[in-house]
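What follows is one structure encoded as structure tokens, with my remarks underneath.
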Amino acid sequence: MIPHAGGVSADEFRAALSRLAAGVVLITALDPEDAPADEDPAEDGFPAGEDALPVGEDAGMTATAFMSVSLDPPLVMVSVRNDSRMDDILERQPLWAVSVLTESQRNIAGQFAMKGRLSDRLLFASVPHVRGERTGAALVKGALATMECRTEQRVVAGDHTLTIGRVLTAHTPNIESNPLTYFRGRYRKLG
């Protein structure tokens, strides 16, 4: 193990932060570069028309580095690995969504966290979801909460980019369930 310039190795850093329990969310967006052939998105990834939703193919990513940033204005932040598919999409697509997963949605978290998966299209086919009214992004049915966001700022921080989004919609369905958490490298249940 070779320490970073600051003295701590990547393994030591990872081990220390694995002791911090985190909620698990699914970040979703429509990839404008994968728009269906029958759609004609404008340069910015939106079809013509003021109120039109973006078009493209569904993309999703499990995240545990997600947090509230500000109440006024309502801002949230997600940390995404640089040069990942979701980082590339969020660079082009300012509209995205968040589904706060329940402990019974562990399989969704696992599927969208897999490295080298073949197709998000296949994954979304098995995930019950609805389209966000403001973003068109997939919102997981049965999630503890869902939010639709518009990127306000992106900040490169080491090997990740912090994407800060203004919350456009927030819904908290009447669901009696505990959140899915991530602790010591595994998904966990509360209690």
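Only the coordinates and a few stated rules stand behind these numbers; no lab work does. Given the structure is predicted, the values throughout are model-derived calculations rather than measurements.
Sequentially through the range 157-171, phi angles give Karplus couplings (6.51, -1.76, 1.60; θ = phi - 60°) of 9, x, 8, 10, 10, 8, 9, 9, x, 7, 7, 8, 9, 9, 10 Hz, Gly and Pro residues having no value and appearing as x.
Restricting to Cα pairs below 8 Å that are 6+ residues apart, what does the relative contact order work out to for the range 149-190? Please round to a whole percent. Relative contact order of the range 149-190: 27 percent.
If you run the Gaussian network model on the chain, springs between alpha carbon atoms under 10 Å, then out of Asp11, Asp58, Asp87 the most flexible one is Asp11. Pairs of Cα atoms nearer than 8 Å and 6+ residues apart set the relative contact order; for the chain it is 25 percent.
I'd like the per residue volume of the convex hull spanned by the Cα atoms of the chain, given in cubic angstrom.
Dividing the Cα hull volume of the chain by its residues yields 142 Å³.
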